[in-house]
1. Taking chain B as a Gaussian network, where each spring joins two C-alpha atoms under 10 Å apart, which residue of B:GLY122, B:GLY13, B:GLY97 fluctuates the most?
2. Among B:LEU82, B:LEU102, B:LEU141, which one shows the biggest mean-square fluctuation in a GNM of chain B, springs joining Cα atoms closer than 10 Å?
3. Out of all Cα-Cα pairs in segment B:18-155, roughly what percent, to the nearest whole number, are more than 19 Å apart?
4. Simple spin-label model, 7 Å along Cα-to-Cβ: A:ILE521 to A:ASP236 in nm?
5. Which of the lysines could a cross-linker span from B:LYS44 if the Cα-Cα distance has to be under 28 Å and same-chain partners fewer than 8 positions apart are dropped?
6. When only Cα pairs under 8 Å and 6 or more residues apart are kept, what is the percent relative contact order across segment A:51-112?
7. Could you check the simple spin-label distance between A:ASN533 and B:LEU24, using points 7 Å along Cα→Cβ, in nm with one decimal?
8. What residues qualify as long-range amide H neighbours of B:ARG16, i.e. H under 5 Å apart, gap of 5 or more or another chain, H built at 1.01 Å from N?
Amino acid sequence: MSPSVPLQEMIRAIRSARTQCEERGVIQRECAAIRAQFRQADNGGRSHNLAKLLYVHMLGYPAHFGQMECVRMIASPRYSEKRVGYLGAMMLLDEKQDASLLITNSIKNDLSHSNQYVQSLALCTLACMGSAEMCRDLAPEIDRLLRASNSYIKKKAALCAVHIVRKVHDLGELFAPAARSLLAEKNHGVLHGAVVLITELCERNPETLERFRKTVPDLVQIMKGLVISGYSPEHDVAGISDPFLQVRILRLLRILGRNNEAASDAMNDLLAQVATNTDSTKTVGNAVLYETVLTVLDIKSESGLRVLAVNILGRFLLNNDRNIRYIAMTSLQRIVGTDHNAVQRHRGTIVDCLKDQDASVKRRALELSLALVSATNIRSMMKELLLFLSSCPLELRAQAASGIFNAAERYAPSQRWHIDTILHVLTTAGGDVRDETVPNLIQLITNTSELHCYTVHKLYRALLSDISQQSLVQVACWCIGEYGDLLLRGECQETEPVQVQEQQSIIIRIRSIVSIYGSCIDVELQQRAVEYNALFKKYDHMRAAVLERMPVIEKNSPGHTNGESTREAVKEFFPPPCGSLQVCDLLDLLGGSEEPLQPNPAVGSTLPVLPVSTSSTAGGDLLDLLGGLEPTPLTPAPTVTVYEKGGVTLTLSSEKQSDSGLTVTLTACNSTDSDISSFTLQAAVPKSVQLHMKAPSGDSLPARGAAKVTQMVALSNPNKVGLQNTQ
Amino acid sequence: MFFSFMLLFSRQGKLRLQKWYVPLSDKEKKKITRELVQTVLARKPKMCSFLEWRDLKIVYKRYASLYFCCAIEDQDNELITLEIIHRYVELLDKYFGSVCELDIIFNFEKAYFILDEFLLGGEAQETSKKNVLKAIEQADLLQEVRHLIKITVDK
C-alpha cells in the first residue's frame with residue numbers, strides 16, 4: 001500500500017520542530033489547512049486529511065472538529081475513505097459523544113455490504129466503541145452474520161457479539177444458539193471467537209452455563225486435537241499448536257467444571273495430559289501450563305492432579321524467568337488457604353524470593369511468606385522476615401511490620417522471644433508500625449513480670465544507641481519509668497546488667513524541663529507539667545503511694561484506662577504521638593487504678609505517655625439515648641453513680657435536649673479527710689458523637705463532702721449513629 | 001484476554017499508538033497515559049513484565065526503542081498476553097520488513113489497521129499469522145483501486 005505523502009510530509013514537519021512552541025505553530029497551521037479542506041467539496045485527498053488530523057490527535061492536540069468528517073467518510077463509497085473514516089470514528093468518537101449515533105446507520109448498511117472487508121470495518125468499529133443503544137439496534141444483524149457468512153466474517157461477528165453482551169447483558173440469550181453451533185467449525189479463528197463468546201455468556205448467566213456444560217466433551221475433543229496433532233505450520237508457536245486457542249478452551253473448561261463433579265471428571269484426563277506433555281522451555285508453553293494449573297485448582301479435580309498442578313507451580317518458582325516466578329507466587333497465594341501443606345513444601349523457594357530485586361516479586365513473596373508462617377516454622381520464618389524487614393523497600397515496610405506482629409502474636413514460642421521480636425521490629429522499622437503497637441507491647445511487657453528486668457535492660461540499651469524511632473522511645477520510657485529500680489539494682493539474670501546511677505543533678509534538670517512545659521500551648525502538656533511540678537514541690541507523704549507501680553493491664557480490654565485519670569504522665573520531649581492514647585470514656589473517668597495520680601520516675605529519663613483507650617464498663621444504656629433509631633419518649637434520665645473509689649464519688653445525670661443532643665451533668669464529691677486540688681474531668685466519645693465540655697464549677701474538692709464540683713457536658717449525635725457497648 | 005487498552009510509546013515517553021477498548025473521556029485517557037507511561041519508564045530493565053497499577057493488571061514489554069503496554073483483566077493469563085503482544089510485533093515486522101519505530105511513526109494508520117485485523121473489541125480474533133497478513137494485503141489492494149469493485153470471496 002503506497003504511503004500517504006501529504007501525511008508523511010506533515011509528520012516530518014512536526015518532528016523537525018525544535019521546541020514545543022514551534023511544534024504548536026506547525027500544528028496550528030496544519031489544522032487550519034485541514035479545516036479548510038474539510039469544508040471543500042469532495043476531493044481526492046480527504047482520507048489523507050483525516051489521517052493527518054488523527055496523527056495530530058495522537059500527539060495530544062484537540063481534534064473534535066474532525067468528528068463530522070469521520071461520519072461523512074464512513075458513508076463514502078470509496079474503501080480508502082471508509083477505512084480512515086472508521087479509524088477516525090474509533091479514535092475520536094466514543095459512545096459518550098452524541099455524534100457516535102450518527103454512524104449507526106452507516107454501520108448497519110456496511111454490515112450487509114457485499115465486500116467482506118467493508119463488513120469487517122463495520123464489525124471492528126461496532127465492537128470497539130458501540131454504545132448500548134447501537135448494540136441493541138444492530139444485534140439481530142450480528143446474529144445473522146454469526147449464522148450465515150464466511151469464516152472471516154463469522155470470527156469477527158463472534159467477538160462483536162461478545163462486546164454486545166458486555167454492553168447489554170440481556171442480549172446474551174440471543175446469541176447462545178448460534179454460539180453453540182460455531183463449536184463445530186474447523187477454522188481456528190471462528191473456534192477462538194466461539195469459545196470467547198461462550199465464556200462470556202456463561203460468566204454472565206448461570207442458566208446459560210448449565211446449558212453449555214453439555215459442550216464439555218466437544219471442548220475436550222478439540223483440545224485433544226490440538227495437543228496430540230502433528231505439526232501445523234499455520235498455528236504453531238514454538239512447538240505448541242495454537243496456544244491462544246488452547247488457553248481460551250482451558251479457561252472455558254474452568255468455568256464449566258467449577259463446582260460440578262461430572263464436568264470436572266470429564267476433563268480430568270485431558271488436563272493431566274496437557275500438564276504432562278506441554279513443553280515448558282519457552283514462555284508460550286508455560287502460558288498453557290499456567291492456564292492448566294489455574295483450571296485444575298479451580299475445578300473439582302482429583303488429588304493426584306492437584307498435586308501435579310502445585311508441583312508445576314513449584315517448578316515455576318525455580319524458573320530463571322522472573323515473570324514466571326511472579327505468576328507462580330500469585331497462584332500459590334490463591335491456594336495457600338485450601339492446599340496449605342502442598343504450598344508449605346515450597347516454602348524455602350518462596351522465602352528466597354524475598355531477596356529478589358523486583359519489588360513486585362518481593363511483595364508477592366512477602367504475602368505468601370506471611371501466609372505460610374505456622375507454629376512449627378515460626379522461628380526460622382521470623383529470622384527471614386526480620387532480615388527482610390531491614391532491607392525491604394519502603395512501600396512494603398508497614399505491611400511487613402504488621403504481618404510480623406500478627407505472626408508473632410499467634411505463634412510466639414515464648415514470651416521472651418515475642419518481646420525480642422517486637423523490639424527488633426521497633427528498632428528496625430519503628431516509624432512504620434501502627435499506633436496500637438505501643439500499647440499492645442506495653443501490655444505484653446507488664447504481663448510478663450518475670451522478664452521485667454530483662455526487658456528494661458534491653459530497652460535501655462536500645463535507647464542508648466538510637467532514639468530516633470518514636471514507638472521504641474515510647475515503650476522504653478514507659479518501661480524505664482516502671483521498672484527503673486530494676487535498672488538501678490544493677491543485676492539481671494537474662495542479660496548483662498547495665499550500670500546506671502541515680503543522679504541528683506538529673507532530677508534538677510528534669511524539674512526545670514518540666515517547668516518549661518508549664519506554659520506550653522498544648523493544654524495536655526501544660527496540665528501535666530503543672531501537676532508534676534506540684535508533685536515535686538509538696539506531697540512528700542503521698543509521693544511514694546502515688547508513684548507505685550502500675551497494675552497489670554488486662555489483655556483485650558480496649559476500655560481499660562488503668563490509671564488514666566486527671567494526673568497524667570508528662571509527655572516526652574518528642575512530639576505527641578497521634579492516636580487516641582489519652583481517651584477516657586465518659587462514664588469511666590477515673591479509671592481503674594487505686595490512686596488518681598501517676599507514678600514518677602526515679603531515674604533520669606523522660607516520662608512516657610500512658611497507653612490507654614476507652615471503656616464503658618457501665619452506663620451503656622445511657623449512651624443509647626443518643627442512638628435514637630426508634631423514636632423514644634423523652635424519659636427523664638436517671639442519676640447514676642459512675643465512680644466511687646478512694647473517697648471520690650462521681651455521679652452523672654443526663655437530660656435529653658433533642659433527638660440528637662444530650663446534656664450530661666457530672667458531679668464530683670470528696671468524702672476523704674483531705675482536700676483534693678487540681679481536680680479535672682476528661683471525657684472522650686466515639687467519633688460519631690460530638691462532645692462539648694463546659695467549664696467546671698471549680699477544681700478543688702474539699703474534704704468530707706463540704707462542697708461539690710459540677711461540670712456540664714453537651715453531647716450531640718448529629719448522624720444518629722447507634723452506639724454499642726464496648727467491652 | 002480482554003484488553004482494556006494498548007499503548008505504544010518511546011523511551012522518551014512519546015505516544016506512538018493508543019487503542020482503547022473501554023469508553024473513557026479524553027481527559028481520563030490522557031491522565032492514564034501520562035501516569036502509566038511514567039510508571040513503566042521508571043522500571044528497571046530486569047524487572048517483572050507485570051505490575052499492578054491502580055486497580056489494573058498491566059503487562060508491558062520493550063522491543064528496541066518502543067514499549068508495548070496493555071491492561072488486562074483480573075482473571076486473564078499474563079503469560080499468554082505477552083505472547084499476544086509478541087504476535088503483534090511479529091505481524092508489524094512481517095508487514096514492514098524489519099520494523100522499527102520510524103515505520104510506526106510515519107505509517108501509524110497502517111499500524112492501526114494491522115492491530116484491528118489482529119484484535120477485535122479487545123480480544124484476539126485470528127490466531128494464524130498468515131491469515132492476518134493475507135487479510136491486510138487484500139484490504140490494501142482494495143484501497144488502491146479507485147472505485148469500489150465488488151469482489152466475491154469464496155471461503
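1. Sorting by GNM fluctuation, first place goes to B:GLY97.
2. Answer for the Gaussian network model of chain B: B:LEU141.
3. Details: 5553 of 9453 pairs.
The proportion of pairs with Cα distances above 19 Å equals 59 percent.
4. Label at A:ILE521, label at A:ASP236, 7.9 nm between them.
5. Reachable lysines: A:LYS282, A:LYS355, A:LYS362, B:LYS14, B:LYS19, B:LYS29, B:LYS30, B:LYS31, B:LYS57, B:LYS61.
6. Numbers: 50 pairs, mean separation 18.0, N = 62.
Relative CO of segment A:51-112 lands at 29 percent.
7. According to this spin-label approximation, the distance is 6.1 nm.
8. B:LEU8, B:PHE9, B:SER10
Quick note: the coordinates plus some simple rules give every number you see, no bench work behind them. For clarity, every value in this text was computed on a predicted model and none was experimentally measured. A quick note on method: Cβ atoms are made from the backbone with ideal geometry, for glycine too, and the neighbour counts reach across all protein chains shown.
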